[in-house]
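Dropping the structure in here first, questions after.
Just so it is clear, none of the values below were taken in a lab; they were calculated from the coordinates. Here the structure is a predicted model, which means the values were calculated and not measured. In this analysis, Cβ positions are derived from the backbone assuming ideal geometry, glycine residues included, and neighbour counts consider all displayed protein chains.
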Amino acid sequence: MTDQESATNPGASTRVVGDFLLRRREQISQRWADQTLFRTVFTVSRDEAVEAAGSLVEALAAVAASGRIEDLRAPGFSGMREQLTRMAASRARAGATPSQIADEVAALGPSIRELLGAELSGSDGEASGSHAVALTALMGTLRVLVMETALSTGEEIIERQRLQLLEVATPVIKLWNGIVAVPLIGTLDSARSQVVMESLLEAVVTQQARFAILDITGVTTVDSLVAQHLMKTVAAARLMGAECIVSGIRPAIAQTIVHLGIDLGSVITRASLADALAYALHELGAVIVDRAGHGGGQR
């Protein structure tokens, strides 16, 4: 293919770039392995970084050969998405933002353009410019693809951390043999209610609990949705063989429940966690001794 044909045919330029990438795969891989994007992800072995860089070069060559250098859905890119996702996730866990990761991809460009320029040094200026434009467009598409992947990965990490925080914020505590409790604090929405139910039922099974206390002292508001979640949790616990006790219903929340017309008549309620625990212990046949100074009375 002549330089004139390449200059007047954009598709020809992309094929030239694809051939160049395959010919210089090893050199490009060696250079990229020392760049931040690969060096910080593949820390165990440089050979691993070189291999990963080589796979990316081959993918770029396939995209260039197809002529779809600005298409994020080009077949060559699809084969690299999994690797790019792992790399983006690794950088995100290290604290890199999507824009920083995109800049690390952009940093791969100078070395590859330098090699292309050296190879085309004796070519027609117009053709060389056309090839350089094609390579720049290809690297720009790669940058967009990595940023898209990084954003998606970041959203997944945030969602996973949110679920982990829900679990941490909803601990199930063993108070006594056969008695577990879940102290709820803050807002109770659908997602958190599901975590409460799953955690409580799992504790009922593992602890062989006969009583499960839901303490809502720290719940700021109760609406019909929250009440429904509580009722579902109570019903699920009963199906698992445990009696559920709701404690910590403050006066304002009690009035709200009445105004909403919610029937908690089938639910055992107690004013405080201590009262709920005392009730459960009594039902288990335990004797509570008060040694505070009134003659060691029993109750």
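Using only helices, what value at 222 nm comes out for the chain when you add -39,500 (n - 2.57) per DSSP H run of length 4 or more and divide by the total residues, to the nearest 500 deg cm²/dmol? Intermediate values should be presented prior to the final figure.
Details: 14 runs with 189 residues, N = 299.
Helix-only estimate at 222 nm: -20000 deg cm²/dmol.
Related question: For R39 and I288 in one chain, what is 0.36 nm times their gap in residues minus the Cα-Cα distance, to one decimal in nm?
83.3 nm
Compute the angle between helix 46-66 and the longest alpha-carbon principal axis of the chain, please, reported from 0 to 90 degrees and rounded to the nearest 10.
Roughly 70 degrees between the two axes.
Quick one: if you stick a label point 7 Å off each Cα along the C-beta vector at D71 and T217, how many nm between them?
Going from the D71 label point to the T217 one covers 6.4 nm.
Same structure again: Helix 224-239 against the longest principal axis of the chain: what's the angle in degrees, Cα atoms only, rounded to the nearest 10?
70 degrees
Among M197, M87, which comes first, then next, by fewest other beta-carbon atoms within 10 Å? Walk me through the numbers before you get to the answer.
Values: M197 20, M87 25.
Ranked by crowding around the Cβ, least crowded first: M197, M87.
Hey, another quick one. I want to check the label-to-label distance for A254 and E202. Put each point 7 Å from Cα in the C-beta direction and report it in nm to one decimal.
3.5 nm
Further, regarding this structure: Compute the relative contact order of the chain as a whole-number percentage, counting only Cα pairs closer than 8 Å that sit 6 or more residues apart in sequence. Show your work: numbers first, answer last.
Numbers: 396 pairs, mean separation 39.5, N = 299.
With pairs under 8 Å counted, the relative contact order is 13 percent.
What FRET efficiency comes out for D263 versus T85 if R0 is 35 angstrom and r is the Cβ-Cβ distance? Round to the nearest 0.05. All intermediate terms of the calculation are to be shown ahead of the outcome.
Working: r = 50 Å, r/R0 = 1.41.
The formula returns an efficiency of 0.10 here.
So, one more: Just to confirm the number: angle between the C-alpha axis of helix 190-207 and the first principal axis of the chain, 0 to 90 degrees, nearest 10?
60 degrees
What label, among (1) 105, 42, 30; (2) 59, 50, 30; (3) 71, 49, 41, belongs to Cα extents along the principal axes in Å computed from the structure on display?
(1)
Another question, then. Under a point-charge model restricted to the Cβ atoms of Lys and Arg (+1) and Asp and Glu (-1), what is the dipole moment magnitude of region 173-283 relative to its Cα centre, in debye to the nearest 20? Could the numbers behind the result be given before it?
Working: 7 positive and 9 negative charges, 18 e Å.
My answer is approximately 80 debye.
Now, a different point. Please compute the modelled spin-label separation between K174 and V195, points set 7 Å along Cα→Cβ, answer in nm with one decimal.
Here the answer is 2.3 nm between the modelled labels.
Once each part is reduced to its C-alpha centroid, what is the distance from region 84-150 to region 208-252 in angstrom?
Each part reduced to its Cα centre gives a spacing of 55 Å.
May I ask which residue of Q27, A274, T14 lies farthest towards the positive end of the charge dipole of the chain, with charges of +1 (Lys, Arg) and -1 (Asp, Glu) on Cβ and the Cα centre as origin?
A274
Just want the ordering: I69, I288, from fewest to most Cβ atoms lying within 10 Å of their own Cβ.
On the way: I69 27, I288 11.
If I rank by nearby Cβ atoms, fewest first, I get I288, I69.
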